[in-house]
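Below: one structure, written as structure tokens.
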């Protein structure tokens with residue numbers, strides 16, 4: 001792929017971002033390609049070393065704050081006419097309620113996911129503390145105490161430590177999954193905003 005093709009596809013892919021951001025990113029990648037050409041690479045090699053246009057666009061969108069994308073999309077491209085303003089005001093009870101409801105549902109799902117993860121970590125911590133309590137209890141059994149009690153406490157502490165370790169890895173995986181899901185949802189919402197802009 002030539003430099004101009006790469007830059008044209010990049011500019012087209014970033015069309016939903018603010019114009020200043022697009023120009024800044026295109027100039028950055030143009031300079032990066034030029035630097036590699038000066039180092040002795042051919043134009044195609046310099047472009048291929050950067051990566052695919054889709055990867056570059058995805059990285060730029062991920063790095064762009066969501067507020068900047070929303071500001072760009074919400075800002076009217078032209079002055080609203082009187083009848084449009086009247087329709088927006090008259091329709092506000094409907095669209096505002098739907099928007100608030102959608103936001104509330106998304107927020108509640110997000111809170112439930114993280115509540116489950118926090119609960120799992122609490123279970124893991126309680127298993128570990130219970131294991132420690134069993135170990136400490138062994139030393140407080142009087143010398144006349146039965147060997148069966150000591151054996152039961154040792155067995156319980158080993159089982160609880162094992163469960164604690166097992167649950168720890170589950171909690172770790174669940175937390176990592178929730179973080180990845182959060183990033184993907186945020187990226188998907190950004191792409192929705194940018195995709196609408198590209199369609200225009």
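Any residue at all in the stretch 132-143 that's surrounded by 10 or more Cβ atoms within 10 Å (Cβ to Cβ) and modelled with pLDDT of 90 or more? Explain how you work it out, then say what you get.
We begin by selecting, within the stretch 132-143, every residue surrounded by 10 or more Cβ atoms within 10 Å (Cβ to Cβ); these are 132-138, 141.
Then drop every residue that is not modelled with pLDDT of 90 or more, which leaves 132-133.
Yes - at least one qualifying residue is present in the stretch 132-143.
Inspect the stretch 72-80 for any residue being at pLDDT 80 or above, surrounded by 11 or more Cβ atoms within 10 Å (Cβ to Cβ) and closer than 18 Å to residue 192 by Cβ and give the result as yes or no.
no
Going residue by residue through the stretch 102-115, is there one that turns out to be in contact (Cβ under 8 Å) with a residue 40 or more places away in the chain, assigned to a helix (DSSP H, G or I) and in contact with a helix residue (DSSP H, G or I) (Cβ under 7 Å, 6 or more places away or on another chain)?
yes
The values are calculated or read from the model by the stated rules, or taken from the named source; none is laboratory data. Keep in mind it's a predicted model, so treat the numbers as computed, not measured. When we count neighbours, we look across all protein chains shown, and the Cβ atoms used for this are built from the backbone with ideal geometry, even at glycine.
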